[in-house]
Amino acid sequence: MAKVIGIDLGTTNSCMAVVEAGEPTVIVNSDGGRTTPSVVSFSNTGERLVGQAAKRQAVLSPDRTISSIKRKMGTRDTTTIDGKDYTPEQISAMILSKLKEDAEAYLGEPVTQAVITVPAYFDDTQRTATKQAGEIAGLEVLRIINEPTAAALAYGWKSEKKEATIMVFDLGGGTFDVSILDVEVGTEERDAYQVLATSGDTRLGGDDFDERIIDYIAGEFQKENSVDLRKDRQALQRLKEASEKAKCELSSQVTTTISLPFITSVDGEGPKHLEMTLTRAKLEELIGELIGKTKVAVQDAMKEAGLGYGEVDEVILVGGSTRIPKVQELTKEMSGKDPRKGINPDEVVAVGAAIQAAVLGGDESQDIVLMDVTPLTLGVETLGDVMDSVIPRNTNIPTRESRTYSTATDMQTTVEVHVLQGERPRASQNKSLGRFHLTGLPPAPRGMPQVEVTFDIDANGILNVSAKDKATDKEQSITITGSGQLSDDDVNRMVDEAEKNAAEDAAFKELADARNQGDSAAYGLEKTLNELGEKIAEPEKASIKEKIEALREAVKGDDAAAIRAAMDAANEEFSQVSQRMYEQAAAETGPQPEPGPEAEGAGVGATEAPGQAEAGDDVIEGEFEAEDN
Ligand code: AMP
């Protein structure tokens, strides 16, 4: 059977691994490297370079070299080279093609299937884009899995039986993520990995540390030579490489020398050389504030998971920047635990992906269940700018949830399904993921049609939404592929905003609910009055109509309590009239059964169409916006 490989498609570097004879192994690339820079460069002759060769090209032709493309996944932000536009999927596919070729050379057989990892905060647009990049590269992507889950998997695989809370601390070249997971491993049949919470900073990583070193060295050089190396592109690129190298060396030694001969030349003075010593202490001073920023995200994730630091059993470090001793100290300071060692931080995610790949490829019989969560609530817009939640945030995926909605106006033949993501009750304040129409509903009074909307999130985290008219079985659906990026910063911002605006949001929801219920009650009462026709005396009819009018007026206003009072008054009036009608009928014809629920309940606070909800059905009372009358 052909091997399925695991790929960590990183912002700075990518890595791949495969399970051979039951052991995960990192696949060495054609340059002999265990990781491949996620860089693509187009030479002047049109040749396409990927990996180390492309990274070297960055010095000579920065304009024709593309790095950090992962940041653009899920957007329509194209890169133009020689008049040709390339999408982020296409650039990522170039990296994946190189990885695929190298894996084929290493394994000596064609590779057509892979598991690819993505950050936990990637939304479905970004996941879909990643899957498409794999497909463009000729890879069938069997599963997209979250990076922290993959890291936990690498350590949990074939471990002794245990249940543990794990913190995955991932500090790479450009991003920082922290995730808290619950794992249950070493079981006879299936190991389970559940992400409890995730947080981070999409603009924090080793590149920022390099920047601080560059600024320091260039500043010192400028003081002595009055030349700003940052203004000379080639000198800056050399300085960049030397700074990164010095930073890496300072992870294993306490002092290093940066030596850049002929870095520049000064008129009348000739060539200048840069020679400088950098100590670990100086580096720590330069990057201390940046490293400190990770603390905030860790606190955030712990709070979200509802745990205290003492409850973390293990810490797993991911990403090249976690090799920095100060970073390791900080994680120990926070968790009280020494980080797990044994798998390289830049390889651990690919190793986890390879394990999942082997399980999916049938090479391993042990089942693994990855219970990832939705980072934000998913729902639809209902009448009055209301966000109606279908799948709450932090629900384990894969998941499938259905809700039944109805129409807002009589004879409405089309409903619009507007799919939203976010924590605010007001639809317009959440992120719009897409919209579609279900047409051809048979004309019927409002509230009669039953449209079942189903949200389905697959194991890759990709969302599919469908809407079905229960009467005709007509169905429409979309897979969410619209553009728009949702980073973990966005997720945090949206959750924060929801918390800050909780009081205002609650008031909005209260008013929206009152309006919906008031409107439905008025409609229901009026309908029942019409149905009763002459069975009800004119003066009584008029008094109920008056109350209905008062209710309609209240619904136009902004006072939820007034709407509810008007609704109660209308219902009360109706109920008194029904009671009198019942007593009168009883007096005329002798004993009668109690008034039926239909007469009594026709308009009582119902937004649900009379007779529509089946007992125990998952019917909710929202209504779609009127589209078509
Ligand atoms: P990643 O995105 O996980 O590939 O991490 C890449 C980042 O890790 C780059 O900023 C590297 O400079 C940094 N890095 C790699 N090795 C080391 C090391 N030994 N010490 C400090 N930083 C490192």
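The values are calculated or read from the model by the stated rules, or taken from the named source; none is laboratory data. The structure presented is a predicted model; accordingly, all values stated were derived computationally and were not measured. Using ideal geometry, Cβ is built from the backbone for each residue, glycine included, and neighbour counts are taken over all protein chains shown.
Are there any pairs with C-beta distances below 6 angstrom linking a residue in segment 258-285 that is over 16 Å from Phe221 (Cα atoms) to a residue that is part of a helix (DSSP H, G or I) and at pLDDT 95 or above, with the two at least 6 apart or on different chains, and if so which?
Glu284/Lys326
From the list Val183, Val178, Val168, pick out the single residue that is touching a residue at least 24 places away in the same chain (Cβ under 8 Å), under 24 Å from Lys337 (Cα atoms), among the aliphatic types (A, V, I, L, M) and more than 16 Å from the ligand (Cβ to nearest atom).
Of the residues listed, the single one that is touching a residue at least 24 places away in the same chain (Cβ under 8 Å), under 24 Å from Lys337 (Cα atoms), among the aliphatic types (A, V, I, L, M) and more than 16 Å from the ligand (Cβ to nearest atom) is Val183.
Could you name every one of the strands (runs of 3 or more DSSP E) located completely within segment 353-400 that has at least 1 residues being modelled with pLDDT under 90 and farther than 16 Å from Asn464 by Cα?
Ranges flagged: 367-373.
For a quick check of your reading of the model, give me the residue pairs whose first member lies in segment 1-30 and is over 19 Å from Tyr155 (Cβ atoms) and away from the ligand (no atom under 13 Å from the Cβ), whose second is in a loop (DSSP other than H, G, I, E, B) and modelled with pLDDT under 95, with beta-carbon atoms closer than 6 Å and at least 6 apart or on different chains.
Taking only residues 6 or more apart or on different chains, the pairs are Val4/Gly361.
Quick check on segment 195-225: of everything there that is under 27 Å from Gly320 (Cα atoms), more than 16 Å from the ligand (Cβ to nearest atom) and surrounded by 18 or more Cβ atoms within 10 Å (Cβ to Cβ), which residue is modelled with the highest pLDDT?
So the residue we want is Ala218.
Is there a residue in segment 320-327 that is crowded, with 21+ Cβ neighbours inside 10 Å, assigned to a loop (DSSP other than H, G, I, E, B) and of a type outside the set (Lys, Arg)?
yes
Pairs, please: C-beta under 6 Å, at least 6 apart or cross-chain, first residue more than 15 Å from Tyr216 (Cβ to Cβ) and part of a helix (DSSP H, G or I) and in segment 234-254, second at pLDDT 90 or above and away from the ligand (no atom under 14 Å from the Cβ)?
Listed by first residue and then by second, the contacts come to Ala235/Leu229; Ala235/Ile263; Ala235/Thr264; Arg238/Leu260.
If you scan segment 423-443, which residues turn out to be under 17 Å from Leu463 (Cβ atoms) and in a strand (DSSP E or B)?
Passing the criteria: Lys431, Ser432, Leu433, Gly434, Arg435, Phe436.
If you scan segment 130-154, which residues turn out to be in a helix (DSSP H, G or I), surrounded by fewer than 24 Cβ atoms within 10 Å (Cβ to Cβ) and of a type outside the set (D, E, K, R)?
Gln132, Ile136
Counting just the residues of segment 308-346 that are among the charged types (D, E, K, R) and closer than 19 Å to Leu181 by Cα, which one comes out farthest from the ligand (Cβ to nearest atom)?
Selected residue: Glu311.
Of everything in segment 10-66, what is among the hydrophobic types (A, V, I, L, M, F, W, C) and assigned to a loop (DSSP other than H, G, I, E, B)? Give them in sequence order.
Correct list: Ala21, Ile27, Val28, Val39.
Would you tally the residues in segment 206-251 being in contact with a Pro (Cβ under 9 Å, 6 or more places away or on another chain) and farther than 18 Å from Val59 by Cα?
The number of residues fulfilling the criteria is 2.
Restricting to segment 226-274, and then to whatever is touching a helix residue (DSSP H, G or I) at 6+ places or on another chain (Cβ under 6 Å), of a type in the set (Val, Ile, Thr) and modelled with pLDDT under 95, can you tell me which residue is farthest from the ligand (Cβ to nearest atom)?
The residue in question is Thr264.
I'd like the residue in segment 405-464 that is aromatic (Phe, Trp, Tyr) and over 28 Å from Thr149 (Cα atoms) and, out of all such residues, is surrounded by the fewest Cβ atoms within 10 Å (Cβ to Cβ).
Phe436
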